[in-house]
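The values are calculated or read from the model by the stated rules, or taken from the named source; none is laboratory data. The structure displayed is predicted, hence computed values, not measured ones. Cβ sites come from the backbone with ideal geometry, for glycine too, and all protein chains shown count toward neighbours. We work out accessible area using only protein heavy atoms, side chains counted, and drop any ligands, DNA or RNA first. Shrake-Rupley method; radii C 1.70, N 1.55, O 1.52, S 1.80 Å.
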Amino acid sequence: MRILKILAINMVAIIAVLFAADGLLALFGYPANEPFKTGHRPDAAKTYRNIEFEYRFVTNSLGLRYPEIPTEKPAGTTRIFLLGDSFTEGVGVDAHETFGMHLERHFGTGRVQFVNGGLGGEGPLRFWRVFH
């Protein structure tokens, strides 16, 4: 019982410190009032080149790095939405080389779609925004 009391006090203290830090940062203008990135621009197309790789980055009308798909899922098709960071997005490789497309080729039936919802630069705490 004593341990639970100590844990509860510590949790309240941590939460209070986090709120105080957030308020202090707000006084200095941080974080900026910019919306969270929740996806890529629809119908984007750009070639990225650097010392490590060159690849073509293309999104569909939904802003996903995936071929164009209808909003309504066809009967008999299973869609798996892949959430993740730059690894899921496939930074450094063309769209057909992402691991989601490799999974689709592995299953090979055409009835399972691994829709790429990867968003480079984001972490697990923001993936729910992409999903929403």
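Here are the numbers:
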| read-out | value |
| --- | --- |
| Residue within region 83-91 that is over 28 Å from Phe107 (Cα atoms) and of a type in the set (Ser, Thr, Tyr) present | no |
| Residue list for region 34-60, filter: among the polar types (S, T, N, Q) and in contact with an Asp or Glu (Cβ under 6 Å, 6 or more places away or on another chain) | Asn60 |
| Complete set of residues in region 50-72 that are without any contact (Cβ under 8 Å) to a residue 40 or more places away in the chain, open to solvent by 90 Å² or more (accessible area, probe 1.4 Å) and assigned to a loop (DSSP other than H, G, I, E, B) | Ile51, Leu62, Glu68, Thr71, Glu72 |
| Subset of region 81-120 [part of a loop (DSSP other than H, G, I, E, B), under 19 Å from Arg56 (Cβ atoms) and open to solvent by 10 Å² or more (accessible area, probe 1.4 Å)] | Val91, Gly92, Val93, Asp94, Gly120 |
| Top-ranked residue in region 1-49 [being under 26 Å from Phe127 (Cβ atoms), outside any helix (DSSP H, G or I) and open to solvent by less than 80 Å² (accessible area, probe 1.4 Å); ranked as modelled with the lowest pLDDT] | Ala32 |
